[in-house]
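**Q** Below: one structure in structure tokens.
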Amino acid sequence: MTGRPALILHGGAGARRERDYTLEIAHMGEVVAAMKARLDAGASALDVAVEATVLLEDSGLYVAGRGASPNLAGAYELDASLMDGATRKAGAVAALQGFRNPVVAARAVMDRTPHVMLAGEGAALFALDQGLERIADETAWYTRAGQGEDNHPPGTLAHGTVGCCVLDRDGRLAAATSTAGVFGKMPGRVGDTPIIGAGCWADQRAAVSCTGLGEYFMRVNAAADVSARIAYANVSLESSAAAVIEDVRQLGGYGGLIAVDAAGNLS
Ligand code: ASP
């Protein structure tokens, strides 16, 4: 028996009110249409979450993948993760340098290692060994290279992330999240995005992808808490997600999350 699939995307909580997001919104519409076709054809939630995230990474429109911003030392250290709700398998890379699609590296960690996360040089060596696509020339590849922070001046919300949550027609849930983290981050800084439970989560109840100031999302274990509240407090996806964001806010942080539950409700 098959059900109706559902999908939700985000392009980061770093949006600025005065900026024109026409391109991003049109791009997301294209991604949704392409992924709807994949889901209707029977693709798995995990495959679709990864494919959508690759399209978001490659667009250069968000602070992830091609649109990444460098850290304080000028290096591009990217984070990504994914989780398959049906199997509770997960994969992640942190502070990965030199590869086109961090979410593909995260998938390879899940599929081809006994680990959940690889970081830094070890992650890059693994990605190389797996034959994942490298970035030949960072200045030519990254859309923000050489721009400094001119499109995110100090004092504005200076970060962004991408994410995708999917319910497939067989009832499986999956989530993926990818980011360059926060502008002006210290070398080696890792936020919530590659931390399973904080920036990304999927189980049999819900798939969740977070964005915002990662330090706060880690401290409330945000993504996993959305599902835990549904299980323990028997609340709706919507009120669970709102309660988690309120927890982030009470600590002094801010951000957002997207989620889908097993019934196809979106939040
Ligand atoms: N959560 C990400 C991080 O802290 C940034 C973002 O979502 O904008 O790395």
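The values are calculated or read from the model by the stated rules, or taken from the named source; none is laboratory data. What you are looking at is a predicted structure, and each value in this text was computed from that prediction instead of being measured. Here the Cβ positions follow ideal geometry from the backbone for every residue, glycine too, while neighbour counts run over all protein chains shown. In case anyone asks, the SASA skips ligands and DNA or RNA and just uses the protein heavy atoms, side chains included. Shrake-Rupley method; radii C 1.70, N 1.55, O 1.52, S 1.80 Å.
**Q** Being outside any loop (DSSP other than H, G, I, E, B) and in contact (Cβ under 8 Å) with a residue 60 or more places away in the chain is the filter here; which residues of the stretch 213-256 pass it?
**A** Answer for the stretch 213-256, where residues must be outside any loop (DSSP other than H, G, I, E, B) and in contact (Cβ under 8 Å) with a residue 60 or more places away in the chain: G255, G256.
**Q** Still on this structure, please answer the following. Identify the residue in the stretch 172-183 that is within 8 Å of the ligand (Cβ to nearest atom) and hydrophobic (A, V, I, L, M, F, W, C) and, among all such residues, is nearest to R100 (Cα to Cα).
**A** Filtering first and then ranking leaves A180.
**Q** Now for a separate question. Give me the residue from the stretch 200-216 that is more than 13 Å from the chain's Cα centre (by Cα) and open to solvent by less than 40 Å² (accessible area, probe 1.4 Å) and, out of that set, farthest from the ligand (Cβ to nearest atom).
**A** Top of the filtered list is D203.
**Q** Scan the stretch 83-110 for residues that are closer than 18 Å to A52 by Cβ and in a helix (DSSP H, G or I) and jot them down.
**A** Selection gives P102, V103, V104, A105, A106, R107, A108, M110.
**Q** Further, regarding this structure: Suppose we keep only residues that are in a strand (DSSP E or B) and open to solvent by 10 Å² or more (accessible area, probe 1.4 Å) within the stretch 177-199. Which one would you say is farthest from G163 (Cα to Cα)?
**A** V182
**Q** Further, regarding this structure: Residues in the stretch 73-85 that are open to solvent by 10 Å² or more (accessible area, probe 1.4 Å) and in contact (Cβ under 8 Å) with a residue 12 or more places away in the chain: how many?
**A** The qualifying residues number 5.
**Q** Of the residues in the stretch 136-174, how many are part of a loop (DSSP other than H, G, I, E, B), crowded, with 18+ Cβ neighbours inside 10 Å and at pLDDT 90 or above?
**A** Residues that pass the stated criteria total 4.
**Q** Is there any pair linking a residue in the stretch 53-67 that is at negative phi to one that is among the aromatic types (F, W, Y), with Cβ under 6 Å and at least six apart or on different chains, and which?
**A** Going by the 6 Å Cβ cut-off, the qualifying pairs are L56/Y62.
**Q** Still on this structure: For the stretch 184-199, what are the residues that are within 16 Å of N71 (Cα to Cα) and more than 9 Å from the ligand (Cβ to nearest atom)?
**A** G184, M186, P187, G188
**Q** Scan the stretch 47-55 and tell me whether some residue there is within 16 Å of the ligand (Cβ to nearest atom) and within 19 Å of I258 (Cα to Cα).
**A** For the stretch 47-55, residues within 16 Å of the ligand (Cβ to nearest atom) and within 19 Å of I258 (Cα to Cα): present.
**Q** Same structure again: Of these, R88, R112, R100, which one is without any contact (Cβ under 8 Å) to a residue 60 or more places away in the chain, farther than 20 Å from R66 by Cα and basic (K, R)?
**A** R112
**Q** Write out, first by first residue and then by second, each pair whose Cβ atoms fall under 6 Å of each other, whose residues are 6+ apart or on separate chains, and whose first residue, in the stretch 172-185, is closer than 14 Å to A52 by Cβ while the second is near the ligand (Cβ under 7 Å from one of its atoms).
**A** T177/T193; T177/G199
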